[in-house]
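Comments concern the structure below.
The values are calculated or read from the model by the stated rules, or taken from the named source; none is laboratory data. Owing to the predicted nature of the structure, the values given are computational and were not obtained by experimental measurement. Positions of Cβ are generated from backbone atoms using ideal geometry, with glycine treated the same way; all protein chains shown enter the neighbour counts.
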Amino acid sequence: MSGIMPHGGDLLAALLLALDRQSRYDRRHSEADRMALLTVRDLSVSFETRDGTVRAVNGISFSLEAGKVLALLGESGSGKSVTLRAILGLHHGANARAKGEVIVKGQDVNRLDERAREALRGGVVSLVFQEPMTALDPVYTIGEQIAETLVQHRPRLDRATVRRRARELLDLVQVPSPDRCLASYPHEISGGMRQRAMIAIALACEPELLLADEPTTALDVTVQAQILWLLRDLQKRLDLAVIFVTHDLGVAAEIADDAAVMYAGRIVERAPIHELFRRPAHPYTAGLMQATVRRGQKGRPLVPIAGAPPNLVALPAGCAFAPRCPSVQAVCTTAEPVAHPVASGHTARCHLIA
């Protein structure tokens, strides 16, 4: 027979080889699955206004693996929040236009009908809003608002199961008195508890991707730290992929694996978070860091970035950051830069790197 069974050490070697092959096969396939969670290709979002077309997002591309945290950084008006809403397919009104691909688990959000998008929202991708007091409905209790999300996506659940699940969710986000919170209206609980309730609603249907739009901005420093710790803990326990929008570099350093720096609707730099802090390559990123309080900063003044972000209705020719850049060159005012590699996984859109 050609298939003689090995003996002794040969058998062990054969088993180890088979296990190694299976392990490599599983690893390849799990990596492929992780890579497929979110892919954004050449996404552009514009809005028609009386003053003209506002180009809020201009051809950005990035991907996100399952279980990873990406921080979107930049000043207000750079396109961060618009990007989050585009991932959910929320820019399809009369005055809004979204182009490009937003692929979530193999489905292009921009090609789905509204019913399919509604199934995606909450069930696969959820959003934690910046200000829970305006995001939560003031005329419904916290329990009713969690229940609404559950019933919308899982209509077969009975009332007792919905209430039990709502309580479990408040326990998950570490609300100290969940039963009282369930019966409370948004104005009856603190800002930190409202944000925890918002996170509970976002996690109600066990999404794989959580979009967090500056969830700590309206909170005091102590509560900010608590919410950050909670989000980081939930992300690890639930193996969530997270896109965390912030203009606070310290917050990004605490929670993110990678960072994308946005300016005037474009991603101008993308890098692992530790690499970004160690070696910022784009002048805008360097400017953000010089304008941020950092450990060991005592005795050294902060250096603000000169000027203001550009008008998105009339973007300047060439690099949008050129009018504010301390290292501007002639080519910066005429030609738009492309992304250049800086290191492994690190790119920057700047003529100075070419």
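Pairs meeting the criteria (first residue in the range 324-348 and surrounded by fewer than 18 Cβ atoms within 10 Å (Cβ to Cβ), second residue polar (S, T, N, Q) and not in a helix (DSSP H, G or I), beta carbons under 6 Å, at least 6 apart or on different chains) are Ala339/Thr347; Pro341/Thr347. Among the residues of the range 117-146, the ones that are more than 24 Å from Ser81 (Cα to Cα) and in contact with a Leu (Cβ under 9 Å, 6 or more places away or on another chain) come to 4 in all. Among the residues of the range 251-258, at least one is under 20 Å from Arg41 (Cβ atoms) and either touching a helix residue (DSSP H, G or I) at 6+ places or on another chain (Cβ under 9 Å) or acidic (Asp, Glu) (or both). When the range 126-159 is examined, which residues are found to be free of Cβ contacts under 8 Å to residues at least 40 places away in the same chain and not in a helix (DSSP H, G or I)? Residues satisfying the conditions are Pro155, Arg156, Leu157, Asp158. The residues in the range 122-141 that are over 25 Å from the mean Cα position of the chain (by Cα) and surrounded by 16 or more Cβ atoms within 10 Å (Cβ to Cβ) can be counted, and the count is 1.
Only one of the numbered conditions (1) touching a residue at least 60 places away in the same chain (Cβ under 8 Å); (2) in contact with a helix residue (DSSP H, G or I) (Cβ under 9 Å, 6 or more places away or on another chain) is not met by Asp239, and that is (2).
Does Leu231 count as under 27 Å from Ala56 (Cβ atoms), in contact with a strand residue (DSSP E or B) (Cβ under 7 Å, 6 or more places away or on another chain) and free of Cβ contacts under 8 Å to residues at least 60 places away in the same chain? It is true that Leu231 is under 27 Å from Ala56 (Cβ atoms), in contact with a strand residue (DSSP E or B) (Cβ under 7 Å, 6 or more places away or on another chain) and free of Cβ contacts under 8 Å to residues at least 60 places away in the same chain. The set of residues in the range 291-322 that are surrounded by fewer than 16 Cβ atoms within 10 Å (Cβ to Cβ), at pLDDT 90 or above and not aliphatic (A, V, I, L, M) comprises Gly307, Asn311, Pro316.
Of the candidates Ala286, Ala259, the single residue that is crowded, with 17+ Cβ neighbours inside 10 Å, touching a Lys or Arg at 6+ places or on another chain (Cβ under 8 Å) and either among the hydrophobic types (A, V, I, L, M, F, W, C) or within 18 Å of Glu65 (Cβ to Cβ) (or both) is Ala259.
Annotation: of all residues in the range 87-99 being surrounded by 18 or more Cβ atoms within 10 Å (Cβ to Cβ) and farther than 25 Å from Arg194 by Cα, the one that is modelled with the lowest pLDDT is His91. Only one residue in Val221, Val242 is on the phi < 0 side of the Ramachandran plot, out of contact with any His (no Cβ under 8 Å at 6 or more places or on another chain) and surrounded by fewer than 20 Cβ atoms within 10 Å (Cβ to Cβ). Which one? Within the list Val221, Val242, the selection yields Val221. The residues of the range 100-125 that are touching a helix residue (DSSP H, G or I) at 6+ places or on another chain (Cβ under 8 Å), modelled with pLDDT of 90 or more and either closer than 19 Å to Val245 by Cα or hydrophobic (A, V, I, L, M, F, W, C) (or both), listed by number, are Val102, Ile103, Val104, Val109, Leu112, Leu120, Val125. Of the listed requirements (1) over 12 Å from the mean Cα position of the chain (by Cα); (2) over 22 Å from Glu254 (Cα atoms), Glu75 misses just one: (2).
Of the residues making up the range 103-125, those that are among the charged types (D, E, K, R) and part of a loop (DSSP other than H, G, I, E, B) number 2. At least 2 residues being in contact with a helix residue (DSSP H, G or I) (Cβ under 8 Å, 6 or more places away or on another chain), within 20 Å of His92 (Cα to Cα) and modelled with pLDDT of 95 or more is the threshold, and among the strands (runs of 3 or more DSSP E) wholly inside the range 34-79 those reaching it are 38-49, 52-64. With respect to Phe62, is the statement that it is surrounded by 20 or more Cβ atoms within 10 Å (Cβ to Cβ), within 24 Å of the chain's Cα centre (by Cα) and aromatic (Phe, Trp, Tyr) true? Judged against the criteria, Phe62 is not a match. If only residues of the range 152-177 that are surrounded by 15 or more Cβ atoms within 10 Å (Cβ to Cβ) and hydrophobic (A, V, I, L, M, F, W, C) are counted, the one that is farthest from the chain's Cα centre (by Cα) is Leu157.
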